[in-house]
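Here the structure is laid out as structure tokens; the discussion comes afterwards.
The values are calculated or read from the model by the stated rules, or taken from the named source; none is laboratory data. These numbers come from a predicted model, not from an experiment. All Cβ positions, glycine included, derive from the backbone under ideal geometry; neighbour counts span all protein chains shown. These area figures cover heavy atoms from the full protein model, side chains too; ligands, DNA and RNA do not enter into them. Shrake-Rupley method; radii C 1.70, N 1.55, O 1.52, S 1.80 Å.
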Amino acid sequence: MSDAEVRAAVARELPGVRADLERLVRIPGIAFDGFDHSHVERSAEAVAELLRGCGLDVKIVRSGGQPAVIGTRAAPPGAPTVLLYAHHDVQPVGDLSLWESDPFEPVERDGRLYGRGAADDKAGIMAHVAALRAFGDRLPVGVVIFVEGEEEYGSDSLERLLAEHRHALASDVIVIADSANWDVGVPALTTSLRGIVNCFVEVRTLDHAVHSGMFGGAVPDALTTLVRLLATLHDDAGDVAVAGLAGRAGATVDYPQDRFRSEAGLVDGVSLIGTGRITDRIWTKPALAVLGIDAPATGEAPNALVPAAKAKLSVRLAPGDDPQRAYAAVREHLTKHAPWGARVTVTLEHDGAPCVIDASGPMFDAARDAFRTAWDGTDPVDIGIGGSIPFIATFQEMFPQAAILVTGVEDPHARAHGPNESLHLGEFARVCVAEALLLAKVAAVAAGPVRLR
């Protein structure tokens, strides 16, 4: 199929692709503890049905966690095999009052489709499906589609699944559709991602609550103590002040401050934190945030000194850092800086490795050419991502000969993980065209010498 034929085939399939995306969004498949996991099962079944409709051999698999879906279709003689990754689980919706519409009832507004998972990552699944439907029986490569069921909850069983199904997943190229483009109208390849360490810190100063008037002024309460401890994690400029965390400069793309502030939703008058280029701060240096605190709610708090308080911390690790070493550094810092001799306990929730991808070679050239064509001549850019996809390091280790292409359907306005998550429908159409073109160009590269623009 020519580029024009591929584009026309994708356009023909897009109405059905969108309808199926909306059906997926209606399934609240949340893998977190405390949620109804029967919806995750329904989500896996729905994905399996979609892949069977594309002529793949499909099975639903698990290894002590939530269900994943594997679909396979053998390569034509001499053609390479491409693994297409996405995930079907979604984040919890959080405070429903912050949503402008039902998070599990997709709604179009101003060219965007709103709903939990509309961008992250059910659109990634449907980009794969769109490419397969566009080719029909003329698929130029072999495909393995791997759709995970607990990515948002930490991918605890993923490494076991990869090991158990390693033979079936073996491929020449891996496309991970769970990242983002640089902007609406500007495609991107993700070439670095930060790692993550999530942990809890608990401060205890008393064995029970005591009267704030009788003991206040001499006895430190746990909340004040915790606040003072958390304040030591950053210096006055806002850079992370934990000794031993790696960080470096080197981002090659500028992020204009006005655009960054707007896309982040920063309130007027609030300064950015940290030093250096914005892209270094969010891609190649560590970041540390307090995600939550266990403490009495203000409306229910008695006049008593709180004996214990707990916070959840998220540390994003620069490429090149090691999660175990980083956790040890954070734990040492928190213990060392305990105010007033308070008892400090630090426990790990989960971690994940950062990664750097050498995005050179013919398969990456094929991807860039596909993007350039889909975006009508706009050159793609190489970007880092401040977020984490820890399993990419696992793919690198298990399939060292495969070219790993990290692509995505999101844009800076997608609000993934937050209220009013949405998908830019025009960009989604381009992503679908780009993926179909990529499969054709990968096949052409493998078949022999080929000239890419």
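Check region 416-423 and report whether any residue there is open to solvent by 10 Å² or more (accessible area, probe 1.4 Å) and either under 24 Å from Val82 (Cβ atoms) or within 12 Å of the chain's Cα centre (by Cα) (or both).
Yes, some residue in region 416-423 is open to solvent by 10 Å² or more (accessible area, probe 1.4 Å) and either under 24 Å from Val82 (Cβ atoms) or within 12 Å of the chain's Cα centre (by Cα) (or both).
For Gly124, state whether it is in contact (Cβ under 8 Å) with a residue 24 or more places away in the chain, open to solvent by 30 Å² or more (accessible area, probe 1.4 Å) and in contact with a strand residue (DSSP E or B) (Cβ under 7 Å, 6 or more places away or on another chain).
Numbers: in contact (Cβ under 8 Å) with a residue 24 or more places away in the chain: yes; open to solvent by 30 Å² or more (accessible area, probe 1.4 Å): no; in contact with a strand residue (DSSP E or B) (Cβ under 7 Å, 6 or more places away or on another chain): yes.
Criteria not met by Gly124.
Which is outside any helix (DSSP H, G or I) and either surrounded by 19 or more Cβ atoms within 10 Å (Cβ to Cβ) or under 19 Å from the mean Cα position of the chain (by Cα) (or both), of Ala48, Ala86?
Working: Ala48 fails: outside any helix (DSSP H, G or I).
Going through Ala48, Ala86 in turn, the sole match is Ala86.
Among the residues of region 192-204, how many are crowded, with 24+ Cβ neighbours inside 10 Å and hydroxyl-bearing (Ser, Thr, Tyr)?
0
What are the residue pairs meeting all of these: first residue in region 394-415, first residue under 16 Å from Ile383 (Cβ atoms) and of a type in the set (D, E, K, R), second residue open to solvent by less than 20 Å² (accessible area, probe 1.4 Å) and modelled with pLDDT of 95 or more, Cβ atoms under 6 Å, and 6 or more apart or on different chains?
Correct list of pairs: Glu410/Ala119; Asp411/Glu427.
Of the residues in region 27-45, how many are outside any helix (DSSP H, G or I) and surrounded by fewer than 16 Cβ atoms within 10 Å (Cβ to Cβ)? Spell out the reasoning first.
Of all residues in region 27-45, those outside any helix (DSSP H, G or I) come to 27-37.
Still in the list and also surrounded by fewer than 16 Cβ atoms within 10 Å (Cβ to Cβ): 32-36.
Matching residues across region 27-45 total 5.
Go through (1) in contact with an Asp or Glu (Cβ under 9 Å, 6 or more places away or on another chain); (2) touching a residue at least 40 places away in the same chain (Cβ under 8 Å); (3) of a type outside the set (Asp, Glu); (4) open to solvent by 50 Å² or more (accessible area, probe 1.4 Å) and name the single condition Asn303 misses.
All conditions are met except number (1).
Which residues, counting only those in region 370-398, are assigned to a helix (DSSP H, G or I) and either basic (Lys, Arg) or open to solvent by 50 Å² or more (accessible area, probe 1.4 Å) (or both)?
Taking region 370-398 and keeping what is assigned to a helix (DSSP H, G or I), we get 370-374, 391-398.
Once the filter is applied, which keeps residues that are assigned to a helix (DSSP H, G or I) and either basic (Lys, Arg) or open to solvent by 50 Å² or more (accessible area, probe 1.4 Å) (or both), region 370-398 yields Arg372, Gln396, Glu397.
Could you tell me whether region 223-233 includes any residue that is at positive phi, surrounded by fewer than 18 Cβ atoms within 10 Å (Cβ to Cβ) and modelled with pLDDT of 95 or more?
We begin by selecting, within region 223-233, every residue at positive phi; these are none.
No, the conditions are met nowhere in region 223-233.
Condition check ((1) at pLDDT 95 or above; (2) in contact with a helix residue (DSSP H, G or I) (Cβ under 6 Å, 6 or more places away or on another chain); (3) surrounded by 21 or more Cβ atoms within 10 Å (Cβ to Cβ)) across all residues:
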position	(1), (2), (3)
Gly117	yes, yes, yes
Arg133	yes, yes, yes
Val175	yes, no, yes
Trp182	no, no, no
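Residue check: is Ile60 among the β-branched types (Val, Ile, Thr), surrounded by fewer than 20 Cβ atoms within 10 Å (Cβ to Cβ) and either touching a residue at least 40 places away in the same chain (Cβ under 8 Å) or closer than 26 Å to Phe395 by Cβ (or both)?
On the way: among the β-branched types (Val, Ile, Thr): yes; surrounded by fewer than 20 Cβ atoms within 10 Å (Cβ to Cβ): yes; either touching a residue at least 40 places away in the same chain (Cβ under 8 Å) or closer than 26 Å to Phe395 by Cβ (or both): yes.
Considered against the rule, which asks whether it is among the β-branched types (Val, Ile, Thr), surrounded by fewer than 20 Cβ atoms within 10 Å (Cβ to Cβ) and either touching a residue at least 40 places away in the same chain (Cβ under 8 Å) or closer than 26 Å to Phe395 by Cβ (or both), Ile60 comes out as yes.
Can you run down the residue pairs with Cβ atoms below 9 Å, 6 or more apart or on separate chains, where the first is in region 204-222 and closer than 14 Å to Pro296 by Cα and the partner is among the basic types (Lys, Arg) and surrounded by 15 or more Cβ atoms within 10 Å (Cβ to Cβ)?
Cβ pairs passing all conditions: Ala222/Arg204; Ala222/Lys310.
Which condition does Pro296 not pass, out of (1) assigned to a loop (DSSP other than H, G, I, E, B); (2) at pLDDT 95 or above, if it passes all the others?
Condition not satisfied by Pro296: (2).
I'm trying to understand the selection: among the residues of region 332-367, which are closer than 25 Å to Asp280 by Cα and open to solvent by 30 Å² or more (accessible area, probe 1.4 Å)?
His350, Asp351, Ala353, Val356, Asp358, Ser360
For region 68-80, name all the residues that are open to solvent by less than 30 Å² (accessible area, probe 1.4 Å) and either touching a Phe, Trp or Tyr at 6+ places or on another chain (Cβ under 9 Å) or under 18 Å from Val129 (Cβ atoms) (or both).
Result: Ala68, Val69, Ile70, Gly71.
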